[in-house]
Amino acid sequence: QVQLVESGGGFVQPGGSLRLSCAASRSLFSITIMGWYRQAPGKEREWLGRITSSGSTNYADSVKGRFTISRDIAKNTVSLQMNSLKPEDTAVYYCRAYISGEYWGQGTQVTVSS
């Protein structure tokens, strides 16, 4: 069992940056995979990237080079650093933990607009 809480969403202008956080209720070493997803209204959920318990990362082509996933072991927190944001990045962003099943946070809204 794990509880996840996303934070850091907000309003940002195109070209700006935002850092999202996902705080987990247990050690990141006990979570096989922590992933980031987003969903815009009327659209399917989109996978953005993931980080494993060993610290390795993978990213979707749509955000590769702009988004970076990192972790703070002491704080049980995984972050998503988003740079060069575009209006197309507007969505609700979610983190997901996979242990044996999957667990989702409540999401945080990111709006990119001038």
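The values are calculated or read from the model by the stated rules, or taken from the named source; none is laboratory data. This one's a predicted model, so the numbers in the text were calculated from it and none came from an experiment. FYI the Cβ positions are ideal-geometry reconstructions off the backbone, even for glycines, and counts take in every protein chain you see. In case anyone asks, the SASA skips ligands and DNA or RNA and just uses the protein heavy atoms, side chains included. Shrake-Rupley method; radii C 1.70, N 1.55, O 1.52, S 1.80 Å.
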**Report entry** By accessible area with a 1.4 Å probe, ligands and nucleic acids excluded, highest first: order of E102, E44
**Finding:** E44, E102
Query raised in the report: Got a number for carbon plus sulfur as a percent of the range 48-89's accessible area, 1.4 Å probe?
Result: 44 percent
Report task. In debye, nearest 20, what is the charge dipole magnitude of the range 25-114 about its Cα centre with +1 on Lys and Arg Cβ and -1 on Asp and Glu Cβ, if you could check? Result -> 140 debye
Report task. Using Cα pairs closer than 8 Å and at least 6 residues apart in sequence, work out the relative contact order for the range 43-114, in percent. Result -> 20 percent
Query raised in the report: So how much accessible area does I99 have, in Å² to the nearest 10, using a 1.4 Å probe?
Result: 40 Å²
Query - Rg and Dmax [Cα atoms of the range 1-51; Å; Rg one decimal, Dmax integer] - result: 13.2, 38
Report summary line: Mean accessible area per residue over the chain (1.4 angstrom probe, all protein chains present, square angstrom) is 51 Å²
Report summary line: Taking the reciprocal of mean 1/r across every pair of different Cα atoms in the chain, the Kirkwood radius in Å is 13.9 Å
Report task. Apply 1/(1 + (r/R0)^6) to the Cβ-Cβ distance of T52 and S113, taking R0 = 25 Å, and write down the FRET efficiency to the nearest 0.05. Result -> 0.15
Query - Accessible area of S54 in the full protein assembly, 1.4 Å probe (Å², nearest 10) - result: 90 Å²
